[in-house]
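To keep things clear, I will list the structure first and then write my remarks on it.
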Amino acid sequence: MRIGLLTHNRGAASFRVRWERYLPLLEERGHSVAVAEIPAGRRGRRAVLDRGSDADLVVLQRRLLMARDFKRLRRRARRLVYDFDDALCYRPHPPHRSWARARRFFRTVARSDAVIAGSRILAGVARLRRPHVHVVPSAVDVERYAPAQKLAAPTAVWVGQRATLPYLEPVLQAVERSGFKLRVIADVFPPGAEQVAWAKDTAPAHLAECHVGLMPLSDDRFARGKCGYKLLQYYAAGLPAVVSPVGAGRVLADGGALVAREPDHWEAALRRLADPELRAELGARGRSFVVRRYASDRVGARLARVLEAIAAPPPGCGASG
């Protein structure tokens, strides 16, 4: 089939993780995929949306369109799929509630032929407007995160970006008190951390050199919808982790993490992970967990099957998942 894939940004982490890595797989299965970024300008945006009529199936990835633009895309697309991996009906930062975002999100969910969510938590949100939602998690290319020789000093690591750095800041002092050094792999850095610029080709090795991964989250509407990709990367690298009991942190913690809510809990958890034997036990458990359930080859095959199933019914019959 011919797939039109519309995204807000081809360079965004969400597109790389959820779609870019699977383009060769889809082509191997006989499908052609045309990727297009939705531009800001009205004329260019309309031209991209109109291309939906050339595809058997159009995937709208994350973007929440204005009413007139969504209506235009809906008219052109034979079958329309909405894919999302964040709680996009809320703002990332306070105030989280946004009636405009919620209206756009639920309109998109209700009027698409099918919806793909990055986690069961997010699927639950979408089911407020659509009973059947396909769950396709964000996955990890496990082989790229092979466990490596560790740094000499016990080191905790956080990987992220400017937008998510505020989640890390409340636990910085707890990390310092625990005796662990801190490595941050990102595009912006807090004071006192070892600074490692994120790069697609080097980030997995820089992760695997460390001893413990960190995934703090604030307990709010947006953070509860996080898919936990950060934690899956730690697991793939053979690292135990300390996580907040929020959203995916709560769901995925059994894979190989200790749970901590308050800053003093974070310090206590890290002090426990000063034990090399406990780190090795949890790290091995986490890597096995990812290999079994979140490896990209398994998830990519599921994504392809989901798209093929959605395309199979005639337009207007809906889709189930």
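Convex hull of alpha carbon positions in region 142-293: directionally averaged projected area 7.8 nm². For every other residue with a beta carbon closer than 12 angstrom to the beta carbon of S244, add +1 if it is Lys or Arg and -1 if Asp or Glu, then tell me the sum. It works out to a net charge of +2.
Excluding V188 itself, calculate the net charge of residues whose Cβ lies under 13 Å from the Cβ of V188, where each Lys or Arg counts +1 and each Asp or Glu counts -1. Summing Lys/Arg as +1 and Asp/Glu as -1 gives -1.
Going through (i) 22.5; (ii) 21.1; (iii) 20.5, the figure that equals Kirkwood radius over Cα pairs in Å as computed for the structure here is (iii).
Database remark: amide H of Q161 closer than 5 angstrom to no amide H (H placed geometrically; neighbours at sequence offset of 5 or more, or on other chains; Pro and chain starts carry no H).
Note on the chain: with a GNM built from Cα contacts shorter than 10 Å, the maximum mean-square fluctuation among G249, G52, G11 falls on G11. Where the alpha-carbon atoms of region 215-296 are placed on the principal axes, they occupy 33, 33, 14 Å, in descending order.
When you restrict to C-alpha pairs under 8 Å that are six or more residues apart and normalise by the size of region 142-293, the relative contact order lands at 25 percent. In this structure, the amide hydrogen of L5, modeled 1.01 Å from its nitrogen in the peptide plane, lies closer than 5 angstrom to those of A34, V35, A36, V59, counting only residues at least 5 positions away or on a different chain. Helical content of the chain, expressed as a calculated mean residue ellipticity at 222 nm, amounts to -11000 deg cm²/dmol (DSSP H runs of 4 or more residues, -39,500 (n - 2.57) each, divided by residue number, nearest 500).
Taking the C-alpha atoms only, the angle from helix 296-311 to the longest principal axis of the chain is near 20 degrees.
Listed values for region 128-140 are Karplus-derived 3J(HN,Hα) couplings in whole Hz (6.51 cos²θ - 1.76 cosθ + 1.60, θ = phi - 60°), namely 5, 10, 9, x, 10, 9, 7, 9, 10, x, 5, 10, 10, and x replaces Gly and Pro. Its convex hull of Cα atoms gives region 186-251 a direction-averaged projected area, equal to a quarter of the hull surface, of 5.0 nm².
Taking other Cβ atoms within 10 Å as a rough exposure proxy, L5, L25 sort from fewest to most as L25, L5. With axes computed from alpha carbons, what is the tilt in degrees of helix 276-293 against the longest principal axis of the chain, rounded to the nearest 10 within 0 to 90? The two axes meet at around 10 degrees.
Across region 223-234, computed HN-Hα scalar couplings (Karplus, 6.51 cos²θ - 1.76 cosθ + 1.60, θ = phi - 60°) run 5, 5, x, 4, 8, x, 4, 4, 5, 5, 5, 4 Hz from first to last residue, x flagging Gly and Pro. Distance from the Cα centre of region 183-239 to that of region 251-274, in angstrom? Cα centroid to Cα centroid, the span is 15 Å. Rounded to the nearest Hz, the phi-derived 3J(HN,Hα) couplings of region 197-208 under the Karplus curve 6.51 cos²θ - 1.76 cosθ + 1.60 (θ = phi - 60°) are 5, 5, 8, 3, 7, 10, 4, x, 5, 5, 5, 5, where x marks glycine and proline. Protection proxy ranking, highest mean first, for peptides 255-264, 187-196: 255-264, 187-196, where packing is the per-residue count of other beta-carbon atoms within 10 Å, averaged.
Which residue, S112, S32, S296, tops the fluctuation ranking in a GNM of the chain built on C-alpha contacts under 10 Å? Comparing S112, S32, S296 in the GNM, the peak value goes to S32. With respect to the chain, whose longest principal axis is taken over its alpha-carbon atoms, helix 263-272 is tilted by about 70°.
No lab work stands behind these numbers, since they all come straight from the coordinates. Keep in mind the model is a prediction, meaning the values are calculated, not measured. Methodologically, a virtual Cβ is constructed for each residue, glycine included, from the backbone with ideal geometry; neighbour enumeration extends over all protein chains shown.
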